[in-house]
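Following: one structure in structure tokens, then a few remarks.
The values are calculated or read from the model by the stated rules, or taken from the named source; none is laboratory data. This structure is a prediction, so every number in the text was calculated from the model and none was measured. Here the Cβ positions follow ideal geometry from the backbone for every residue, glycine too, while neighbour counts run over all protein chains shown.
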Amino acid sequence: MYSIYDDGRHFSEIFPVGEKELELWLDLATASDGTILETACGTGLISIPLAKAGHQVTGIDHSKSMLQEARRAAETQSATVKWIEADMRGFDLGETFSLIIIPSNTICHLLDHAALEGYLQCVARHLKPAGRFALSVFVPDPHALERRSPGELPFATYQDPDGAGEVKVTHTYEYEPNTQIKRITTRHRFPGRTEPVIGSLEMRMYFPQELDALLHYNDFEIIHKWGANDKRPFGPDSTQQIVVASQRSK
């Protein structure tokens, strides 16, 4: 079964980071005035620009292929990032950070409470006393959470990194209301191949009040909650949840 994480070069083309999103993380990094840890850093699409802006950055990821592409991209761009292969659900780096981030909906890969709580415990252990924890995740859209997709839907279109031509990706999905997990089946149509390559992706939906409660009961205090990368207040029409939190005093 093919995974979007099997080749970091393709991943970077499927999920590029927008200018406004990058501006947000650069702003938070500047405000932190210290070391930064990006958890589940992928191919370094955020870590590398932070490092190029002069910040001391560590990136951890569980995928060898993601880190391989991150190292290649960092070297190409003359950026210095400390890359570490580690599972965000349980890691020990032996140091603390001024800012720990999990951008770009990556929290959706924490599929149950045990995984999320394991992650938040790791964050708490690695956060400096006055440090900040920041995340960004979409607001689940009820219209996109039908029990099953109405058919094959567009997912991504991009140029093959080896120059072979255009790659088209479509998907179908099943949503489980009891687990809040969206189980996605992808179909990658690569140039020169007659049959699509089938892949899979699982994402846990985090609803706004649920996310706030999970942070609260894991001893985090929300300092800011914005509804977009431009830091507009979170409200009924928001499509994003951007949270900046600190550890709550016990």
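Say whether the condition of being in contact (Cβ under 8 Å) with a residue 40 or more places away in the chain, part of a helix (DSSP H, G or I) and over 14 Å from the mean Cα position of the chain (by Cα) is met by at least one residue in the range 93-107.
Checking the range 93-107: not a single residue is in contact (Cβ under 8 Å) with a residue 40 or more places away in the chain, part of a helix (DSSP H, G or I) and over 14 Å from the mean Cα position of the chain (by Cα).
Just give me the residues in the range 139-148 being surrounded by 14 or more Cβ atoms within 10 Å (Cβ to Cβ) and either at pLDDT 95 or above or assigned to a strand (DSSP E or B) (or both), in sequence order.
Val139, Pro140
Can you find a residue that is farther than 30 Å from Ala31 by Cβ, in contact with a strand residue (DSSP E or B) (Cβ under 8 Å, 6 or more places away or on another chain) and surrounded by fewer than 19 Cβ atoms within 10 Å (Cβ to Cβ) anywhere in the range 97-111?
Yes; the residues of the range 97-111 include at least one that is farther than 30 Å from Ala31 by Cβ, in contact with a strand residue (DSSP E or B) (Cβ under 8 Å, 6 or more places away or on another chain) and surrounded by fewer than 19 Cβ atoms within 10 Å (Cβ to Cβ).
Based on this model, can you work out whether Val167 counts as out of contact with any Asp or Glu (no Cβ under 9 Å at 6 or more places or on another chain), under 23 Å from Ser104 (Cβ atoms), assigned to a strand (DSSP E or B) and among the aliphatic types (A, V, I, L, M)?
no
Are there any pairs with C-beta distances below 7 angstrom linking a residue in the range 108-119 that is part of a helix (DSSP H, G or I) to a residue that is small (Gly, Ala, Ser) and surrounded by fewer than 19 Cβ atoms within 10 Å (Cβ to Cβ), with the two at least 6 apart or on different chains, and if so which?
Hits for this filter: Gly118/Gly90.
Looking at (1) in contact with a strand residue (DSSP E or B) (Cβ under 7 Å, 6 or more places away or on another chain); (2) part of a helix (DSSP H, G or I); (3) over 24 Å from Phe190 (Cβ atoms), find the lone condition where Glu21 falls short.
Of (1) in contact with a strand residue (DSSP E or B) (Cβ under 7 Å, 6 or more places away or on another chain); (2) part of a helix (DSSP H, G or I); (3) over 24 Å from Phe190 (Cβ atoms), only one is false for Glu21: (1).
Which number in (1) loosely packed, with under 15 Cβ neighbours inside 10 Å; (2) within 21 Å of the chain's Cα centre (by Cα) marks the one condition that Gly151 misses?
(2)
Could you list, in sequence order, all residues of the range 32-53 that are hydroxyl-bearing (Ser, Thr, Tyr), without any contact (Cβ under 8 Å) to a residue 40 or more places away in the chain and part of a loop (DSSP other than H, G, I, E, B)?
The one that is hydroxyl-bearing (Ser, Thr, Tyr), without any contact (Cβ under 8 Å) to a residue 40 or more places away in the chain and part of a loop (DSSP other than H, G, I, E, B): Thr43.
Among the residues of the range 56-89 satisfying the criterion of being of a type in the set (Gly, Ala, Ser) and in a helix (DSSP H, G or I), which is modelled with the lowest pLDDT?
Ser65
In this structure, is Ala29 modelled with pLDDT of 95 or more, in contact with a Ser or Thr (Cβ under 8 Å, 6 or more places away or on another chain) and small (Gly, Ala, Ser)?
Criteria not met by Ala29.
Counting just the residues of the range 228-246 that are in a strand (DSSP E or B) and in contact with a Gly (Cβ under 8 Å, 6 or more places away or on another chain), which one comes out surrounded by the fewest Cβ atoms within 10 Å (Cβ to Cβ)?
Top of the filtered list is Pro233.
Find the residue count for the range 176-227, including only residues that are in a strand (DSSP E or B), among the hydroxyl-bearing types (Ser, Thr, Tyr) and within 24 Å of Thr239 (Cα to Cα).
Residues flagged as in a strand (DSSP E or B), among the hydroxyl-bearing types (Ser, Thr, Tyr) and within 24 Å of Thr239 (Cα to Cα) within the range 176-227 amount to 2.
Taking the range 46-86 only, how many residues are of a type in the set (D, E, K, R) and crowded, with 19+ Cβ neighbours inside 10 Å?
Total satisfying the criteria: 2.
Go through Ala53, Ala73 for me and flag whichever is over 27 Å from Asp219 (Cα atoms) and in contact with a Ser or Thr (Cβ under 7 Å, 6 or more places away or on another chain).
The unique qualifying residue is Ala73.
With the checklist (1) loosely packed, with under 13 Cβ neighbours inside 10 Å; (2) of a type in the set (A, V, I, L, M); (3) under 22 Å from Thr39 (Cβ atoms); (4) not assigned by TED's automatic domain parsing to the domain that holds Phe15 in hand, flag the one item Ile181 doesn't pass.
(1)
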